[in-house]
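Novice: Dropping the structure in here first, questions after.
The values are calculated or read from the model by the stated rules, or taken from the named source; none is laboratory data. What you see is a predicted model, and the numbers here were worked out from it, not measured in a lab. When we count neighbours, we look across all protein chains shown, and the Cβ atoms used for this are built from the backbone with ideal geometry, even at glycine.
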Amino acid sequence: MNEYLQVIDKINQVYEEFKMLVIEEVTVLERLQNFKLTPQQELIMFYIIRNNPVIANDIASHLNVSKSAVSQVLTKLESEKMIKRQANIKNRRELLITLGERGRKYAELLYVIDEQLVKKYYSKVELKDLQHVLTTLTKLVESVKNEN
């Protein structure tokens with residue numbers, strides 16, 4: 001167990017150092033601050049961006065929170081023009097959630113940031129090493145899901 005703690009401590013240290021270096025280098029990161037999103041709003045926006053269009057139940061299920069908690073956040077995001085809600089023509093009881101005008105700008109900015117990170121940093125590491133990181137993180141996520 002002690003070896004695990006030592007490795008995790010090293011991972012945390014290296015990740016924090018990487019994060020600090022990247023924040024200094026990637027200039028567009030500061031533009032994310034203009035959106036003034038809370039961590040919960042960011043998680044919801046990430047989900048919508050990746051799965052557009054979605055329904056509130058999908059978001060609640062994915063984040064393992066109540067639908068009412070999601071609805072409160074969606075109301076705020078809608079008022080900020082980050083998302084739009086419209087009736088689902090296939091199921092009139094559902095509202096489809098899509099990106100609003102500011103939400104599309106947010107998604108575009110995230111893409112620009114990813115591009116910069118790939119060009120400046122990730123492309124300097126072999127793809128197989130990045131795939132190994134992905135595999136390890138996926139195993140950790142599955143392990144946590146299986147515990148619950």
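Novice: Please go through the range 31-41 and pick out each residue that is surrounded by fewer than 16 Cβ atoms within 10 Å (Cβ to Cβ) and either closer than 13 Å to I83 by Cβ or of a type in the set (A, V, I, L, M, F, W, C) (or both). Lay out the reasoning, then the answer.
Specialist: Within the range 31-41, the subset surrounded by fewer than 16 Cβ atoms within 10 Å (Cβ to Cβ) is 31-34, 36, 38-40.
Within the range 31-41, just L32 meets the criteria.
Novice: Right, next: Of N51, N12, which residue is under 20 Å from D114 (Cβ atoms), surrounded by 10 or more Cβ atoms within 10 Å (Cβ to Cβ) and among the polar types (S, T, N, Q)?
Specialist: Among N51, N12, only N51 is under 20 Å from D114 (Cβ atoms), surrounded by 10 or more Cβ atoms within 10 Å (Cβ to Cβ) and among the polar types (S, T, N, Q).
Novice: Starting from the range 130-148, take each residue that is on the phi < 0 side of the Ramachandran plot and list its partners that are surrounded by 10 or more Cβ atoms within 10 Å (Cβ to Cβ), counting only C-beta distances under 8 angstrom and pairs at least six apart or across chains.
Specialist: Final answer for the pair search is L130/Y122.
Novice: Right, next: Here is a check on your reading of the model: is M82 closer than 29 Å to K145 by Cβ, in contact with a Lys or Arg (Cβ under 9 Å, 6 or more places away or on another chain) and modelled with pLDDT of 95 or more?
Specialist: yes
Per-residue answers, yes or no, for (1) in contact with a Ser or Thr (Cβ under 6 Å, 6 or more places away or on another chain); (2) of a type in the set (D, E, K, R); (3) farther than 24 Å from N148 by Cβ; (4) in contact (Cβ under 8 Å) with a residue 24 or more places away in the chain:
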{"residue": "I8", "(1), (2), (3), (4)": "no, no, no, no"}
{"residue": "L21", "(1), (2), (3), (4)": "no, no, yes, no"}
{"residue": "F35", "(1), (2), (3), (4)": "no, no, yes, yes"}
{"residue": "Q41", "(1), (2), (3), (4)": "no, no, no, yes"}
{"residue": "Y47", "(1), (2), (3), (4)": "no, no, no, no"}
{"residue": "N51", "(1), (2), (3), (4)": "no, no, no, no"}
{"residue": "I59", "(1), (2), (3), (4)": "no, no, no, yes"}
